[in-house]
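Taking it in order: structure first as C-alpha cells, then the write-up.
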Amino acid sequence: MTATQSPAMTAVASGDLGGVDTKRSARNGRGRWYRPRSVIGKVVQWIILLAFTCMFLYPFVWLLAASLKPRGQVFDNSLWPKTFQPQNYVAVWDQLPLLHWIFNSIIIAVLAAGLVAISSSVVAFGFSYFKFPGRGLLFGIVLATMMLPGAVTMVPQYLIWKQTGLLGTWAPLFGMNLFGSAFYIFLQRQFFLGLPRELFEAARLDGANYWRLFTKIAMPLSIPSFVIVFIFEFQASWNNFQGALIYLNGGHGDYQYVMVAALIVTLPMLILFAFGQRYFIEGVATQGRKG
C-alpha cells in the first residue's frame, strides 16, 4: 500500500468510516421540533410564524414597490405604487453600468470568500491536529481579535493600504482575507475536532504528509463547514458597501434606479443560498450537535 492510496483516504473517498455513514450521521439528529397538539396551540404557532414571515419580507416588498415608482414617490413608504413605472427596469441598464458593477462584485466576493475559506481552514487544521506547547494560549489570542471593533482597525488598515499604493484597486476588498478570520477559524476548528483521529494516523503510517492529510482527508469530510464559511463571507463581501466607499469611488442620485439595482443584485445571493442550502443546513446541524 503506497502513500497515494492509503486505507484512510480510500475510506474517505468511499464514505466507509468503520460502518458509519458520514452523510447520514450529519442529518440524523436527536432533537425534534416542538409541535403543539391542541388546535389553539397550532393556531398560535401559525400566527407567530406568519408575523415573523411578514416582518422579514417587509423590506423586500418595500424595495420591490419602490423600484416601480417614479423618483418623487420612492420614499413615501407605501407598498402599492400610486404611479407604476415598470420602465425603470429597462432604463436602469442605460442609466447605470449595472452589468459591469455586478461582474466586479461577483469577482471580488468570490475572491474574498475563497481566500478566507482556504486560509481559515489551513489555520484551523493546524490548531485541531497539531499538539504543541501554548496551543490553547495562541488560539485564545486569535479569538481575542474578534473583540476588536471594526471602527478601531479601519484607520490602520486604510493607512497600510495607502502605503502599499493599492488604494483605488480591488486588492483592499479581498486582500485581508489571505490571513483568515478568527470566527471562521473557530468554526472550522470545531468541525475538524469532530473527525476521527484514527484516519489521520492511518494515513501517516502509509507515508502521507501533513498537506495530504489536509487535502485528502480533512477537507473532503468538511465540505459543509467550508460551504458555510464561503456563503457567510460571500454575503459579507457582497454587502460590504462601506469598504467600497472607503477604497473605491461610487454613488448615484436617481433613487428609483438605485432601488431597481438593489433588487437585481439580491438575486446572486438567493441563487447561491439555493445551491448551498443542503450543505449549509447540514453543517449548522452538525455544529449544533457538537455543542
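Using R0 = 30 Å, the C-beta based FRET efficiency linking TRP101 and VAL122 works out to 0.40.
Report relative contact order for the stretch 33-86 in percent, whole number only (criteria: Cα-Cα under 8 Å, sequence separation at least 6).
25
A simple rule links phi to the HN-Hα coupling: the Karplus curve 6.51 cos²θ - 1.76 cosθ + 1.60 with θ = phi - 60°, which for the stretch 186-201 gives 4, 5, 5, 4, 4, 6, 5, 5, x, 7, x, 5, 4, 4, 5, 5 Hz, with x for Gly and Pro.
All of the numbers you see were taken from the coordinates with simple rules; none came from a lab. Everything quoted here is computed from the prediction, not taken from an experiment. A quick note on method: Cβ atoms are made from the backbone with ideal geometry, for glycine too, and the neighbour counts reach across all protein chains shown.
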